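Visitor: The structure is given below, and queries will be raised subsequently.
The values are calculated or read from the model by the stated rules, or taken from the named source; none is laboratory data. These numbers come from a predicted model, not from an experiment. With ideal geometry, Cβ positions are generated from the backbone for all residues, glycine too; neighbour counts draw on all protein chains shown. Side chains are part of the model used for accessible areas, which takes the heavy atoms of the whole protein and leaves out ligands, DNA and RNA. Shrake-Rupley method; radii C 1.70, N 1.55, O 1.52, S 1.80 Å.
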Amino acid sequence: QVQLVESGGGLVQPGGSLRLSCAASGNIFSIYAMGWYRQAPGKQRELVAIMETDGSTNYAQPVKGRFTISKDNGKNTMYLQMNSLKPDDTAVYYCNTSPFRGINWGRGTQVTVSS
């Protein structure tokens, strides 16, 4: 089965930026629509950004205008550029298909926004 590995998280001050990466062991980005999800402590996992196979994108309202999803099919990698980060963006970030199709979740990457 395809494996997903997220990276790029860290501690950043409010207003800062981070770029997350999602590496897949197989070529799924050209087959399935993909999403970035996040789960904050005590909250359910939520979908924050989607990229369709045709390259069109959509964003959850809390991140619209600040986050940008992109992908490199040749590298089997997807990215999430996060700008103007806020403390409410603190969460573990995951990538997976959207809608979920049963691919195992990766470990995620922790993003902490704090001064």
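Visitor: Roughly speaking, what is the centre-to-centre gap between the range 1-78 and the range 87-103 when only Cα atoms are used, to the nearest Å?
Guide: Spelled out, the Cα-based centre of one part sits 7 Å from the other.
Visitor: Okay, next question. Over the range 43-115, average the accessible area per residue using a 1.4 Å probe and give it in Å², no decimals. Walk me through the numbers before you get to the answer.
Guide: Values: 3940 Å² over 73 residues.
On a per-residue basis, the range 43-115 sits at 54 Å².
Visitor: Using a probe of 1.4 angstrom, how much of the accessible area of the chain is carbon and sulfur, in percent?
Guide: The C+S portion of the solvent-accessible surface of the chain is 45 percent.
Visitor: Something else now. Only loop residues by DSSP count here, and only those with at most 16 other Cβ atoms within 10 Å; note down the chymotrypsin sites (Phe, Trp or Tyr not before Pro) in the range 68-115 that meet that.
Guide: Values: sites: 79, 93, 94, 100, 105; in loops: 100, 105.
Of the chymotrypsin sites (Phe, Trp or Tyr not before Pro), the ones in loops of the range 68-115 whose Cβ has at most 16 other Cβ atoms within 10 Å are 100, 105.
Visitor: Tell me, what ³J(HN,Hα) does each residue in the range 92-101 have, in order and in whole Hz, if you take phi through Karplus 6.51 cos²θ - 1.76 cosθ + 1.60 with θ = phi - 60° and put x for Gly and Pro?
Guide: Couplings: 8, 9, 10, 10, 5, 5, 9, x, 5, 10 Hz.
Visitor: Sticking with this structure for a sec: For the chain, what's the relative contact order in percent, using C-alpha pairs closer than 8 Å and at least 6 residues apart? Walk me through the intermediate numbers first.
Guide: Details: 276 pairs, mean separation 43.4, N = 115.
After rounding, I find 38 percent.
Visitor: Oh, and also: Ignoring the sites themselves, what is the longest stretch of the chain with no trypsin sites (Lys or Arg not before Pro) in a DSSP loop and at most 14 other beta-carbon atoms within 10 Å?
Guide: 1-42
Visitor: How big is the range 2-43 on each of its three principal axes, counting only the C-alpha atoms and giving the largest first in Å?
Guide: Cα spread of the range 2-43 along its principal axes, largest to smallest: 35, 23, 16 Å.
Visitor: Moving to a separate point now. Give me the extension gain from residue 2 to residue 45: residue separation times 0.36 nm, minus the current Cα-Cα distance, reported in nm with one decimal. Before the final figure, lay out each step's value.
Guide: Details: separation 43, 0.36 × 43 = 15.48 nm, distance 2.07 nm.
Stretched out fully, the residue 2 to residue 45 stretch lengthens by 13.4 nm.
Visitor: Follow-up. What is the gain in length, in nm to one decimal, between residue 70 and residue 84 on full extension, counting 0.36 nm per residue of separation less the C-alpha to C-alpha distance? Walk me through the intermediate numbers first.
Guide: On the way: separation 14, 0.36 × 14 = 5.04 nm, distance 1.76 nm.
Length gained, residue 70 through residue 84: 3.3 nm.
Visitor: Something else now. Under the Karplus relation 6.51 cos²θ - 1.76 cosθ + 1.60, θ = phi - 60°, what is the ordered set of whole-Hz ³J(HN,Hα) values for the range 54-69, x standing for Gly and Pro?
Guide: So the Karplus estimates, Gly and Pro as x, are 8, x, 5, 10, 8, 9, 5, 4, x, 10, 4, x, 10, 9, 9, 9 Hz.
Visitor: Give me the distance in nm between label points sitting 7 Å out from Cα along the Cα-to-Cβ direction at residue 107 and residue 19, one decimal.
Guide: 2.3 nm
Visitor: Another question, then. Considering only protein heavy atoms, with the full assembly of protein chains and a 1.4 angstrom probe, order 52, 6 by accessible area, largest first.
Guide: Largest accessible area first, the list is 52, 6.
Visitor: Sort largest first and round to whole Å: the equivalent ellipsoid semi-axes of the range 1-93, each the square root of five times a Cα gyration tensor eigenvalue.
Guide: Details: eigenvalues 97, 38, 32 Å².
The equivalent ellipsoid of the range 1-93 has semi-axes of 22, 14, 13 Å.
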